Amino acid sequence: MTRKTVAIRGLDTGLYNEVFSMAKKDGKRVSDVVNSALKAFINGDAPVNDSDNTFSNSSNSALNGNFVLTVDDEGEVTLSKNDILEISREMGPFRIECSGTLVMDKDVDSEALRGLEKIIIKSGQIRVSKKVYPQFLIKCQIKGKLEKY
């Protein structure tokens, strides 16, 4: 296949930069990810949601696997029970990868944790309440810090 430069007017540069970063981490090129997305769209696996021009995926997976919520480097996010339940309703069970700081509100319970497949603490930290700390240990791959409060 010949290589040709294609300019896409109206492309969300923030989204492109995120895809670029994710592809690089996975040892892929953006063109590989875009080609996979275009093939999925053509095959009807990832129809476009007309209301917001984003992919909605009926099989609840991202372009190359399940949805991953990523908190990078200096990033800091706080998630409540409702946040986790809403994400899992929209995307299906998902993973969290943390290199930054993630704080789980005190209302996060076992019901919310059922929406999480796996939690990977890279070089970051996750703060979680004492009541669900043992359940987090079961779901976590820890290279960073898991702190209970």
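Annotation note: Cβ proximity below 8 Å between a residue of segment 124-146 that is within 18 Å of Asp105 (Cβ to Cβ) and a residue that is among the hydroxyl-bearing types (Ser, Thr, Tyr) and assigned to a helix (DSSP H, G or I) (sequence gap 6+ or interchain) occurs for Val132/Ser110; Gln135/Ser110; Leu146/Tyr133. Evaluated against (1) at pLDDT 85 or above; (2) out of contact with any Gly (no Cβ under 6 Å at 6 or more places or on another chain), Ser88 falls short on exactly one condition, (2). Report yes if some residue within segment 132-141 is surrounded by 13 or more Cβ atoms within 10 Å (Cβ to Cβ), within 15 Å of the chain's Cα centre (by Cα), not β-branched (Val, Ile, Thr) and not in a strand (DSSP E or B); otherwise report no. Checking segment 132-141: not a single residue is surrounded by 13 or more Cβ atoms within 10 Å (Cβ to Cβ), within 15 Å of the chain's Cα centre (by Cα), not β-branched (Val, Ile, Thr) and not in a strand (DSSP E or B). Note on segment 1-34: residues that are of a type in the set (Val, Ile, Thr) and in a helix (DSSP H, G or I) total 5.
For segment 75-124, a tally of residues being part of a loop (DSSP other than H, G, I, E, B) and at negative phi returns 15. For beta carbons closer than 7 Å, sequence separation of 6+ or different chains, a first residue in segment 10-31 that is within 19 Å of Lys122 (Cβ to Cβ) and a second that is in a loop (DSSP other than H, G, I, E, B) and hydrophobic (A, V, I, L, M, F, W, C), there are no qualifying pairs. Looking at Gly14, Gly27, Gly75, which is the one that is surrounded by fewer than 11 Cβ atoms within 10 Å (Cβ to Cβ) and either modelled with pLDDT under 80 or in the same structural domain as Glu117 (by TED's automatic domain parsing) (or both)? Gly14 is the lone residue from the list that is surrounded by fewer than 11 Cβ atoms within 10 Å (Cβ to Cβ) and either modelled with pLDDT under 80 or in the same structural domain as Glu117 (by TED's automatic domain parsing) (or both). Taken together, Glu74, Glu90, Glu97 contain a single residue that is closer than 20 Å to Met22 by Cβ, touching a residue at least 24 places away in the same chain (Cβ under 8 Å) and within 16 Å of the chain's Cα centre (by Cα), which is Glu97.
The values are calculated or read from the model by the stated rules, or taken from the named source; none is laboratory data. Bear in mind the structure is a predicted one, so any value in this text is a computation, not a measurement. For neighbour counting, all protein chains shown are included, and Cβ atoms are generated from backbone atoms with ideal geometry for every residue, glycine included.
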